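The structure appears below as structure tokens.
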Amino acid sequence: MATRKIGREFLGASWAHACRGVALGEVLVDTPTLLVRALAAPQLLAMKLCAWRDDVDIGDALVARQWVADAARAGIVWTTVAPPTRSDPIAIAVGAGVVELLAARAGHEPPPWTTLVPGAPHPVFLVRAGETMPRLRRACEIDGPEPLRRRRLLAPADFLTAA
């Protein structure tokens, strides 16, 4: 009861719905009156991927590459990444496309939910310069990663490769 009240007051009315089905990680605090758990690494990565909201987020390639490096260090098993909890079709398409791309690069199967995700309602450039540079745009359309192109997400072939 107290958890629901705190959740509504500090996180908004929809907090509980947004947290259903999340993958939990290690126990951080365990007392007779409180249990606090971290989110599992695949869940955190999925949430980061699905948090891309606009051109500023999508265009921040340095942060995105750091996420990929963090995932590799954490030994992410891509098949276990949970689906996005957001309803925005572009965010869901980006999440599914990127998870499939990174799973393929790691030699893993993607999670089954990715096959159910349709493409974005319109072409989305994951690298902002693709919108204004004709040769880069064409390279994204022709040579971009297949899991992204299939969903109308345009990025260069080396998108999200760590340096």
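The values are calculated or read from the model by the stated rules, or taken from the named source; none is laboratory data. Because the structure is a prediction, the values reported are computed rather than measured. Note: ideal-geometry Cβ built from the backbone for every residue, glycine included; neighbour counts use all protein chains shown. Surface accessibility is based on the protein's heavy atoms, side chains included, excluding ligands, DNA and RNA. Shrake-Rupley method; radii C 1.70, N 1.55, O 1.52, S 1.80 Å.
If residue 83 satisfies all but one of (1) modelled with pLDDT of 85 or more; (2) open to solvent by 10 Å² or more (accessible area, probe 1.4 Å); (3) within 10 Å of the chain's Cα centre (by Cα), what's the number of the condition it fails?
(1)
Does residue 151 meet the test of being open to solvent by less than 30 Å² (accessible area, probe 1.4 Å), farther than 14 Å from residue 68 by Cβ and not small (Gly, Ala, Ser)? Don't jump to the end; show me each part of the working.
Values: open to solvent by less than 30 Å² (accessible area, probe 1.4 Å): yes; farther than 14 Å from residue 68 by Cβ: yes; not small (Gly, Ala, Ser): yes.
Yes.
For residue 71, are the conditions met, namely being within 25 Å of residue 26 (Cβ to Cβ), open to solvent by less than 60 Å² (accessible area, probe 1.4 Å), assigned to a loop (DSSP other than H, G, I, E, B) and out of contact with any Pro (no Cβ under 6 Å at 6 or more places or on another chain)?
In short, no.
Output the residues belonging to the range 154-163 that are free of Cβ contacts under 8 Å to residues at least 40 places away in the same chain and either open to solvent by 30 Å² or more (accessible area, probe 1.4 Å) or in a loop (DSSP other than H, G, I, E, B) (or both). Let's see the steps before the verdict.
Filtering the range 154-163 down to residues free of Cβ contacts under 8 Å to residues at least 40 places away in the same chain leaves 154-158.
Passing the criteria: 155, 156, 157, 158.
Starting from the range 109-137, keep only residues that are under 12 Å from residue 155 (Cα atoms) and assigned to a helix (DSSP H, G or I), then list their pairs with residues that are among the hydrophobic types (A, V, I, L, M, F, W, C) and open to solvent by less than 30 Å² (accessible area, probe 1.4 Å) whose Cβ atoms are within a distance under 9 Å, requiring at least 6 positions of separation or different chains.
128/58; 130/140; 130/154; 130/155; 131/125; 131/154; 137/125; 137/154
Within the range 86-107, is there a residue that is open to solvent by 60 Å² or more (accessible area, probe 1.4 Å), modelled with pLDDT under 70, in contact with a helix residue (DSSP H, G or I) (Cβ under 6 Å, 6 or more places away or on another chain) and within 23 Å of residue 149 (Cβ to Cβ)? Steps first, please.
So the first thing to find is which residues in the range 86-107 are open to solvent by 60 Å² or more (accessible area, probe 1.4 Å), and the list is 86-87, 89, 104-105, 107.
Among the residues that remain, those that are also modelled with pLDDT under 70 are: none.
The answer is no; no qualifying residue exists.
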